[in-house]
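Worksheet: the structure to be examined is printed underneath.
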Amino acid sequence: MRTSGAPPFDLTRTEARLLRSLTPTWRIQEYLDHSLVYDTRGGTCRSPRRVIRDGCCQCMDGALFAAAALRMQGYPPLILDLEAEQDDDHVLAVFRTKHGWGAIGRSNYSGLRYREPVYRTIRELVMSYFESYFNLRREKTLRAYSRPVNLARFDSIRWMTSEQDLWDIPNHLVRIPHTDIAARQAIRTYSKVDRRLFEAGLVGKRHKP
């Protein structure tokens, strides 16, 4: 049982203070981009506690960290999956204000990160990533998206502080239904990504922030 005045969710006071301090929401993205190394090796799914301690993360555990910070600031801890073809999936932490939906994401592609909360629907938010979601062959690869998942359903495995890898969460994201963004006939008509957009998108990848 949590003692009176102690931080919630088994966080330490230092962890709770950090997560609460990253406000407004764009400061969460700033912390992901500038205070953490991008983990190019992969193979882990860290809790926010481990992200803070290790000083690094990739897409999945970056989304978990962002969701934890959002939770500590009064938002529900929501994530969603962007499903790609001939490319990696991408996971975002999403939040809603009175102005609309926004998102936070950790990526070494510069166009797959923060979105201001101005989108009226989840689909609008997802489609804002479409032109910037591409592979190294300059193919537009975004195909589908999941509904937002509230991470409170994983509180029993202590997703905010666990020392174990949290594979239950990405496995759940893979299993739930996804909504296609377009018909197959439309996909066959897609152009290659404009070379200028392609070069701009690779800035983060080259610098590995």
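The values are calculated or read from the model by the stated rules, or taken from the named source; none is laboratory data. Computed from a prediction, not measured in an experiment: that's the story for all the values here. Neighbour counts run over all protein chains shown; Cβ positions are idealised from the backbone, glycine included.
Here is a list: ALA66, ALA16, ALA84. Which entry is buried (at least 23 other Cβ atoms within 10 Å of the Cβ) and either of a type outside the set (Phe, Trp, Tyr) or more than 19 Å from GLY201 (Cβ to Cβ) (or both)?
Values: ALA16 fails: buried (at least 23 other Cβ atoms within 10 Å of the Cβ); ALA84 fails: buried (at least 23 other Cβ atoms within 10 Å of the Cβ).
None of the other options fit; the residue is ALA66.
Condition test on ARG158, is it over 15 Å from the mean Cα position of the chain (by Cα) and either farther than 21 Å from GLN58 by Cα or of a type in the set (Phe, Trp, Tyr) (or both)?
Values: over 15 Å from the mean Cα position of the chain (by Cα): yes; either farther than 21 Å from GLN58 by Cα or of a type in the set (Phe, Trp, Tyr) (or both): no.
No.
Given the conditions (1) aliphatic (A, V, I, L, M); (2) more than 12 Å from the chain's Cα centre (by Cα); (3) within 30 Å of ALA6 (Cα to Cα), report the number of the one that ILE79 does not fulfil.
Here ILE79 meets the rest and fails (2).
Which of the helices (runs of 4 or more DSSP H) contained wholly in the stretch 16-79 include at least 3 residues that are within 25 Å of VAL126 (Cβ to Cβ) and touching a Pro at 6+ places or on another chain (Cβ under 6 Å)? Working first, answer last.
Working: elements: 26-34, 48-54, 59-72.
Here the list reads 59-72.
Among (1) of a type in the set (A, V, I, L, M, F, W, C); (2) part of a loop (DSSP other than H, G, I, E, B); (3) modelled with pLDDT of 95 or more, where does ALA6 come up short?
Of everything listed in (1) of a type in the set (A, V, I, L, M, F, W, C); (2) part of a loop (DSSP other than H, G, I, E, B); (3) modelled with pLDDT of 95 or more, ALA6 misses just condition (3).
Could you list, in sequence order, the residues of the stretch 25-57 that are among the β-branched types (Val, Ile, Thr) and at pLDDT 95 or above?
Of everything in the stretch 25-57, those that are among the β-branched types (Val, Ile, Thr) and at pLDDT 95 or above turn out to be THR25, ILE28, VAL51, ILE52.
Each row is one residue, and each column tells you yes or no for (1) free of Cβ contacts under 8 Å to residues at least 60 places away in the same chain; (2) under 21 Å from PRO170 (Cβ atoms).
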{"residue": "ASP10", "(1), (2)": "no, no"}
{"residue": "ARG20", "(1), (2)": "yes, no"}
{"residue": "TYR31", "(1), (2)": "yes, no"}
{"residue": "VAL51", "(1), (2)": "yes, yes"}
{"residue": "PRO76", "(1), (2)": "no, yes"}
{"residue": "GLN86", "(1), (2)": "yes, yes"}
{"residue": "VAL94", "(1), (2)": "yes, yes"}
{"residue": "THR97", "(1), (2)": "yes, no"}
{"residue": "GLY102", "(1), (2)": "no, no"}
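Keeping to the stretch 181-203, report how many residues are within 22 Å of the chain's Cα centre (by Cα) and of a type in the set (Phe, Trp, Tyr).
Selection size over the stretch 181-203: 1.
Conditions tested, residue by residue: (1) at pLDDT 95 or above; (2) charged (D, E, K, R).
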{"residue": "LEU11", "(1), (2)": "yes, no"}
{"residue": "LEU18", "(1), (2)": "yes, no"}
{"residue": "THR23", "(1), (2)": "yes, no"}
{"residue": "ASP89", "(1), (2)": "yes, yes"}
{"residue": "LYS98", "(1), (2)": "yes, yes"}
{"residue": "TYR109", "(1), (2)": "no, no"}
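Among the residues of the stretch 106-129, is any surrounded by fewer than 16 Cβ atoms within 10 Å (Cβ to Cβ), out of contact with any His (no Cβ under 9 Å at 6 or more places or on another chain), among the acidic types (Asp, Glu) and touching a residue at least 60 places away in the same chain (Cβ under 8 Å)?
So far as the stretch 106-129 goes, no, none of its residues is surrounded by fewer than 16 Cβ atoms within 10 Å (Cβ to Cβ), out of contact with any His (no Cβ under 9 Å at 6 or more places or on another chain), among the acidic types (Asp, Glu) and touching a residue at least 60 places away in the same chain (Cβ under 8 Å).
Given the criterion out of contact with any His (no Cβ under 7 Å at 6 or more places or on another chain) and closer than 22 Å to CYS56 by Cβ, identify the matching residue among ALA152, ALA103, ALA182, ALA186.
On the way: ALA152 fails: closer than 22 Å to CYS56 by Cβ; ALA182 fails: closer than 22 Å to CYS56 by Cβ; ALA186 fails: closer than 22 Å to CYS56 by Cβ.
Exactly one of ALA152, ALA103, ALA182, ALA186 is out of contact with any His (no Cβ under 7 Å at 6 or more places or on another chain) and closer than 22 Å to CYS56 by Cβ, namely ALA103.
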